[in-house]
Amino acid sequence: MSERAKKVRSFALVALIGVLALPALRAETYLVSSTFAGDTRYAVQKLFDGNDDDLCWAATASNLIQNWQDRWLQNGGTIPAGTPNGMVTQIAYSTDVFATFVNNWTNAGGESYIGMQWWYTDSYTYLADSSELKPGATGGAYWIDLGLDKDEIFSHTDLYNDEMPVEASLFTDWLDDLVGMNYLAALGIFTNAGDAHAIPVWGYEMVDDTLTGIWISDSDSGVESNFLVDVYWDNSFNGWLLGDAHTSNPDVTYTGWFVGDMDMFVLPMVPEPSLVALILGVLVLGRVVLLRRRVRGA
């Protein structure tokens, strides 16, 4: 073997050892505790039949509402009589919640927070040139007894601004709050061509403290699951760009879309006050009995 070949071989060996010595990059997934990867419960799909084509905002709100109502029941609460919940009495959709939106709202764009306001309170924010209630529409205000304020059930933040810089960490901070507090969140995504879309976001993926993906469901995707979409910060664009979708359908992609804004919904996650009072009453009674036993045994 020539001296040159020995040097090349030696260099390659050193390089290989160096690569092997590098710490392995590990992807860490963080999801709100009430869902999981591939979860089909909160991923209603539009029919695109002329009645729901532009109701992505309502589909997003429907997924969040169904998730919250499931959690409410799991925490010992009850669903008010007449509140749509669960799987299909109207077979066209996977949840009665979304069917209720389609039946009551015109087929036009809107904001997910309006759907949440309508569902939980006795009023909602009117937006011009947006979806509106159909004549003779019924429903809404299903959770009015909770006494929620329509303007205090959500916090809005802009994650892209073409006129001033936005910190990259703003999005990661909101995602951390989402998972850490088990909140609900709707994401607004956009294209430079003016397309706008609403999706629920259920968590995120990090690699070495760098945000690399978000877990979403999408009423337009035809993929009924909670799936991962690549996301990365672009310094020249000054925003978070979306990329490949990790699904079994190769046609689902988010290349050309960017993250525009996010609405975080803060709703109570405990049973109804009457049930809480009952539980507290039982605890107090138990303490009184215990104290009496202690006195008798003295």
When restricted to Arg41, Arg71, the only residue modelled with pLDDT of 95 or more, crowded, with 17+ Cβ neighbours inside 10 Å and among the basic types (Lys, Arg) is Arg71
Exactly one condition in (1) of a type in the set (Ser, Thr, Tyr); (2) surrounded by 15 or more Cβ atoms within 10 Å (Cβ to Cβ); (3) assigned to a loop (DSSP other than H, G, I, E, B) is not met by Ser248; state its number.
-> (2)
Ala27: surrounded by 11 or more Cβ atoms within 10 Å (Cβ to Cβ) and modelled with pLDDT under 95, yes or no?
-> yes
What are the residues in region 49-85 that are without any contact (Cβ under 8 Å) to a residue 60 or more places away in the chain, closer than 30 Å to Ser130 by Cα and either assigned to a helix (DSSP H, G or I) or in contact with a Gly (Cβ under 7 Å, 6 or more places away or on another chain) (or both), if any?
-> Ser62, Ile65, Gln66, Gln69, Asp70
Condition test on Thr172, is it within 20 Å of Ala58 (Cβ to Cβ), in the same structural domain as Pro200 (by TED's automatic domain parsing), under 22 Å from the mean Cα position of the chain (by Cα) and β-branched (Val, Ile, Thr)?
-> no
Output the residues belonging to region 157-195 that are loosely packed, with under 15 Cβ neighbours inside 10 Å, of a type in the set (Gly, Ala, Ser) and not in a helix (DSSP H, G or I).
-> Ala193, Gly194
Of the numbered conditions (1) under 17 Å from Tyr42 (Cα atoms); (2) crowded, with 17+ Cβ neighbours inside 10 Å, Leu242 satisfies every one except a single condition; which is it?
-> (1)
When residues of region 74-95 are filtered for being within 29 Å of Asp195 (Cα to Cα) and either at pLDDT 95 or above or in contact with a strand residue (DSSP E or B) (Cβ under 6 Å, 6 or more places away or on another chain) (or both), how many remain?
-> 0
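The values are calculated or read from the model by the stated rules, or taken from the named source; none is laboratory data. In this text the structure is predicted, and so the values were computed from the model without any measurement. Heads up, the Cβs are rebuilt from the backbone with ideal geometry, glycines too, and the neighbour counts pull from every protein chain shown.
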